[in-house]
Each structure stands twice: as structure tokens, then as C-alpha cells.
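These notes concern the structure reproduced below.
The values are calculated or read from the model by the stated rules, or taken from the named source; none is laboratory data. Given the structure is predicted, the values throughout are model-derived calculations rather than measurements. Note that each Cβ is placed from the backbone with ideal geometry, even for glycine, and that neighbours are counted across all protein chains shown.
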Amino acid sequence: MADAPPDRLSVNPDSPHYDEAALSRGVGIRFKGQEKTNVEEYSVSEGWIRVAAGAARDRAGNPLTILLKGPVEPYYRDGEAGEN
């Protein structure tokens, strides 16, 4: 798979793992076989995702996150075939 999303990606612009080009293409995440839409950061090689913990925020206004471990499958949404 030559056209795959990065191994690690974050939606936070302050993170060193932020990639505007990948995010603009639209990255989807399957975690343990289920589609996740609230992923803040993921790592395929380490097998984890960070998801927002409800509406809770820290002092800087960033969402509080929970680390979940398991198989992570990222894909580009523009590469989905047959879906509307």
C-alpha cells in the first residue's frame, strides 16, 4: 500500500505529529474494527488512539483525552470506493 496515511498523526497544530497535507485529504480511523470519528491522535506502530473525553477541557482549552490501546487501521477517505 504505497498511498497510506502516516504511522502517527495528530489533529493538534502544536504537535510534532501534525500533518496538514494528510489531514486535508481526510483520514479515517478504524479501531478494533469500528469506525471512530473523534480521534485526536493515533499511532499504528504502538497500537493506540487518543479520543476526546466528552466536553471536558484543560486550562489551555484543549480537549482532555483518553488513551485506548488496540489495532489501529488508518485510511484516506478520498480512497473509499463505492461509498457515497
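Quick notes
- Filter result for residue 43 (exposed (fewer than 12 other Cβ atoms within 10 Å of the Cβ) and either modelled with pLDDT of 95 or more or out of contact with any strand residue (DSSP E or B) (no Cβ under 9 Å at 6 or more places or on another chain) (or both)): no
- Members of region 1-16 that are loosely packed, with under 15 Cβ neighbours inside 10 Å and touching a residue at least 12 places away in the same chain (Cβ under 8 Å): 3, 4, 7, 12, 15
- The residue that is farthest from residue 19 (Cα to Cα), among those in region 46-84 that are modelled with pLDDT of 90 or more and acidic (Asp, Glu), is 58.
- The lone exception for residue 65 - which of (1) exposed (fewer than 11 other Cβ atoms within 10 Å of the Cβ); (2) assigned to a strand (DSSP E or B); (3) of a type in the set (S, T, N, Q) it fails: (1)
- Residue in region 42-60 that is in a loop (DSSP other than H, G, I, E, B) and touching a Ser or Thr at 6+ places or on another chain (Cβ under 6 Å) present: no
- Of all residues making up region 1-58, the number that are aliphatic (A, V, I, L, M), within 14 Å of residue 76 (Cα to Cα) and under 8 Å from the mean Cα position of the chain (by Cα): 3
- A search for C-beta distances below 8 Å between a residue of region 22-37 that is at positive phi and any residue that is in a strand (DSSP E or B) and not aliphatic (A, V, I, L, M), counting only pairs 6+ apart in sequence or on different chains, returns 26/76.
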